[in-house]
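Here the structure is laid out as structure tokens; the discussion comes afterwards.
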Amino acid sequence: MKLSKILALVLALAMVFTFAACAKAPAAVDEPTTEAATEAPTEAEPVAAPEGAPEIKDATEKITFADFSFKVNGKEITNKDLEGCSIYKITVETVNSKGTASEATYGGYAIKDVLKAAGCADATKITAVCSDGYEGDAYTITDVNAPYCLLAIEKDKETGEEGTVWFAPCLEETSQAYAKLVVEIVAE
């Protein structure tokens, strides 16, 4: 009987030490220094690319777009409005509603640059309005997906039908979030 009590006590202590070893250590708190308080704030570190994200290629020096226009919240945006903005190319593979996979390369402007040029840089949701009247679901722009969201002037080196553009959220693996024949972006 004494042996079972000792064994129970040893097991109880082993459990306590196991739980203690698994407990998360409290985070160290850095004491602010007077130097840091007087320094100017620095830009936030860029968000790391999500695992499996497609490569973003800067194609600014390689691509020149013919004249185009589309609207953002009713304001017409043209080549001139986006002059000086970087042009990116992203190749993605998506799956459509029938389960068929396809690959496409989009070339265009980061949605954040487009929204800034339109005077709505703080917008976090956009809706693509297409020439046939279709409106996509509101798409939330985050720090993670923003670099991968293009307002594409071309897809596979072809321009849009009747002067339209594409909204290409290139982190999305299904085609339902993409929009073609886009004539306007509504930003919130």
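When you check Tyr134 against the structure, is it among the hydroxyl-bearing types (Ser, Thr, Tyr) and surrounded by fewer than 19 Cβ atoms within 10 Å (Cβ to Cβ), yes or no?
yes
Would you check if there is a residue in segment 112-135 being within 20 Å of Ala49 (Cβ to Cβ), in a strand (DSSP E or B) and not hydrophobic (A, V, I, L, M, F, W, C)?
No, that holds for no residue.
Within segment 69-82, track down each residue that is outside any helix (DSSP H, G or I) and open to solvent by 20 Å² or more (accessible area, probe 1.4 Å).
Within segment 69-82, Ser69, Lys71, Asn73, Gly74, Lys75, Glu76, Thr78, Asn79 qualify.
If you go through segment 150-163 one residue at a time, do you hit one that is β-branched (Val, Ile, Thr), farther than 19 Å from Thr60 by Cα, open to solvent by 10 Å² or more (accessible area, probe 1.4 Å) and modelled with pLDDT under 95?
Within segment 150-163, none of the residues are β-branched (Val, Ile, Thr), farther than 19 Å from Thr60 by Cα, open to solvent by 10 Å² or more (accessible area, probe 1.4 Å) and modelled with pLDDT under 95.
Being open to solvent by 60 Å² or more (accessible area, probe 1.4 Å) and farther than 18 Å from Glu173 by Cα is the filter here, so list the residues in segment 102-124 that pass it.
Lys112, Lys116, Gly119, Asp122, Thr124
Restricting attention to segment 172-188, which residues are in a loop (DSSP other than H, G, I, E, B) and open to solvent by 50 Å² or more (accessible area, probe 1.4 Å)?
Glu172, Glu173, Glu188
For Thr127, are the conditions met, namely being surrounded by 13 or more Cβ atoms within 10 Å (Cβ to Cβ), out of contact with any helix residue (DSSP H, G or I) (no Cβ under 9 Å at 6 or more places or on another chain) and at pLDDT 95 or above?
Spelling it out, Thr127 is indeed surrounded by 13 or more Cβ atoms within 10 Å (Cβ to Cβ), out of contact with any helix residue (DSSP H, G or I) (no Cβ under 9 Å at 6 or more places or on another chain) and at pLDDT 95 or above.
Asp143: under 15 Å from the mean Cα position of the chain (by Cα) and free of Cβ contacts under 8 Å to residues at least 24 places away in the same chain, yes or no?
When the stated conditions are applied, Asp143 does not pass them.
Of everything in segment 137-149 that's hydrophobic (A, V, I, L, M, F, W, C) and open to solvent by 20 Å² or more (accessible area, probe 1.4 Å), which residue is nearest to Thr64 (Cα to Cα)?
Of everything passing the filter in segment 137-149, Val144 is nearest to Thr64 (Cα to Cα).
The values are calculated or read from the model by the stated rules, or taken from the named source; none is laboratory data. Please read all numbers here as calculations on a predicted model, not as lab measurements. Counting neighbours? That spans all protein chains shown, and the Cβs are built from the backbone with ideal geometry, glycine included. Areas reflect the complete protein model, heavy atoms only, side chains present, ligands, DNA and RNA absent. Shrake-Rupley method; radii C 1.70, N 1.55, O 1.52, S 1.80 Å.
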